[in-house]
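Nothing in this text is a laboratory measurement; each read-out follows from the coordinates by a stated rule. Bear in mind the structure is a predicted one, so any value in this text is a computation, not a measurement. Reconstructed Cβ throughout: ideal geometry from the backbone, glycine too, with neighbour counts over all protein chains shown.
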Amino acid sequence: MDRSDLERELERLHPESFGWALFCSGRDRDLAQDVLQEAYARVVSGSARFQGRSAFRTWLFGVIRHTALAERRRAWRPGALPVEAALADPAPGADERIEEAERREELVLALTALSPRQREVLVLVFYHELTVEEAARVMEVSLGSARTHYDRGKKGLLARLSQEVRR
Amino acid sequence: MTDPEDRDLAARFAELRSSDARQAPPFASMLPKAPRRRVVALPWKWGALAAAAVVIVVGGLTVGRLGAPPRTALPPSTLASWRAPSEVLLEYPARALFGPPMPIGASVIDRFIPQTSVFKGDGP
């Protein structure tokens, strides 16, 4: 892949990549932008090289995940999703339904109750529509481990969401 | 994803995804135009340690220079008067014995015996 091909692929996946960077950065928008910029720089400069062993998107998500981990270590930020940051997203516009915004907040809050691995696998599968196998590759865990995190995470998330609904 | 629960989760995540996508910064602003050079901020502790080390080294050099005896200029030497520092090794007690050959009729010990009297006879 030459630079123009890389840039075209990055642009195509940009909204999704930003969403993944948001989750990897604890829903901190500024940090997510820094992470994504750094990840793109790594890809374009060739310090992270795609070798075709997996789908480009799977590989790119791995680069973003690694970059976010490094940024968080450098900046001493905790790995868990900070609720304040999650809820500090811009308020819904006039055309957006309040109900929808509340549902989003419920989901983000419910995700904070999960372990990082469970959260990662659920986001990759439900948010990014990856298979559990692809998610395992991004997370650099075995397929069996990813399945375990997926099952436990899904149960936990559903339990949490049903609690929210009952309130 | 066939379970109703899975479909509900997928729908919730899809709402979140579309909301996040609306907040995504423009792609062009995220792409580096030129290779970026990351400036890593030096932690203040390392900076303080480096400054302290510089002060100690400079202070030590200054004090050492003040306490040292003043340097005296060496007298100018000529090539003819120069002697190798190891020349002392060539000095040994019997060196004179191995000096230039004695003239005929002279003895090697003549130079060590003081000439107290000189025979002034008429000769045979």
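Rg and Dmax, both from the Cα atoms of the stretch A:99-160 and both in Å, are 11.6, 38.
For the stretch A:3-38, chymotrypsin sites (Phe, Trp or Tyr not before Pro) are listed when DSSP marks them as loop and at most 11 other Cβ atoms sit within 10 Å of their Cβ; the list is empty. Above 20 Å, the calculated P(r) of the stretch A:1-82 contains 27 percent of its Cα-Cα pairs. The slack between A:His66 and A:Ser45, meaning 0.36 nm per residue of separation minus the straight C-alpha distance, is 5.9 nm.
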